[in-house]
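S.K.: Right, I'll just put the structure down here and ask away after.
The values are calculated or read from the model by the stated rules, or taken from the named source; none is laboratory data. Given the structure is predicted, the values throughout are model-derived calculations rather than measurements. Cβ placement follows ideal geometry from the backbone for every residue including glycine, while neighbour counts extend to all protein chains displayed. Areas reflect the complete protein model, heavy atoms only, side chains present, ligands, DNA and RNA absent. Shrake-Rupley method; radii C 1.70, N 1.55, O 1.52, S 1.80 Å.
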Amino acid sequence: MRAAIFDIDGTLLDSVDLHARAWVEAFAHFGVTTDPAEVRRQIGKGGDELMPVFLSQERIRREGEAIEAYRSDLFKRRYLPDVRPFPGVRPLFERIHEAGLTIALASSGKRTEVDRYTEILGIGDLVDVATSADDADRSKPHPDIFQAALRKLDGVAPDAAHVVGDTPYDAEAAAKAGLPTIGLLCGGFPEADLTAAGCVAIYRDPQDLLAGFASSPLAGT
């Protein structure tokens, strides 16, 4: 193993419910009624992949940018102050560095959001590479963001890295980039869904992955 590539929302940060609420409220502001549970199941995708689940292509062409801008501003104002790290994130990153691995972040969020999340997590000094929606034409479950991370990792082959994520969209995107995925349950997806999407190992949260690090895929065993 040479690198670990981490998703952020639902993997490192307890933010999935907050993102779902922001989307529900944003859709409602534009006159679109959505099922909060269904919106939550789509978190992990970027807006380009989430909006077509609830809106026609014509509506997206007409109002998609405005809806996304409204949602982004709403999230920052109302919900970002409540975002918290899951337990064990920094100790896990320290353990990964001790093992000699490079750490990358790969999020469907915008670069400004990734920068702010890194501050909240207190891991800026431990992150070697970060990619975001700004580095990709398409968000998860397309592989673009993970492919961008591999390019920034400068020669790390897909079979020498693992993705760590909390959604089937992470696993699907990673597989398309040739990367195996370790699944975390803390984002709310059932273990069966992560297994069906191809996760090679599953842990409860970052703390659990840290506790089992020596026997995890990240340890190369």
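S.K.: I'm checking my understanding of the structure. Among residues of segment 97-116 that are part of a helix (DSSP H, G or I) and over 11 Å from the mean Cα position of the chain (by Cα), which one is surrounded by the fewest Cβ atoms within 10 Å (Cβ to Cβ)?
M.R.: Per the criteria, the residue is E98.
S.K.: Looking at F189, F213 in this structure, which one is of a type in the set (F, W, Y) and touching a Pro at 6+ places or on another chain (Cβ under 8 Å)?
M.R.: It is F189.
S.K.: Can you tell me which residue in segment 117-171 is farthest from V200 (Cα to Cα), limited to those that are among the charged types (D, E, K, R), at pLDDT 95 or above and surrounded by 19 or more Cβ atoms within 10 Å (Cβ to Cβ)?
M.R.: Result: D144.
S.K.: Let me ask you something else. Looking at G183, G155, G212, G178, can you tell me which residue is within 12 Å of the chain's Cα centre (by Cα) and among the small types (G, A, S)?
M.R.: Unique residue meeting the criteria: G183.
S.K.: Oh, and also: Checking the structure you have, find out if any residue of segment 187-199 is within 20 Å of P91 (Cα to Cα) and open to solvent by less than 30 Å² (accessible area, probe 1.4 Å). Before the answer, list the steps.
M.R.: From segment 187-199, those within 20 Å of P91 (Cα to Cα) are 187; that's our starting set.
With the extra rule that they be open to solvent by less than 30 Å² (accessible area, probe 1.4 Å), the set shrinks to 187.
Yes, some residue in segment 187-199 is within 20 Å of P91 (Cα to Cα) and open to solvent by less than 30 Å² (accessible area, probe 1.4 Å).
S.K.: Continuing with the same structure: Name, by its number, the condition in (1) in a helix (DSSP H, G or I); (2) within 30 Å of A157 (Cβ to Cβ); (3) not aliphatic (A, V, I, L, M) that does not hold for T11.
M.R.: Against the list (1) in a helix (DSSP H, G or I); (2) within 30 Å of A157 (Cβ to Cβ); (3) not aliphatic (A, V, I, L, M), T11 comes up short only on (1).
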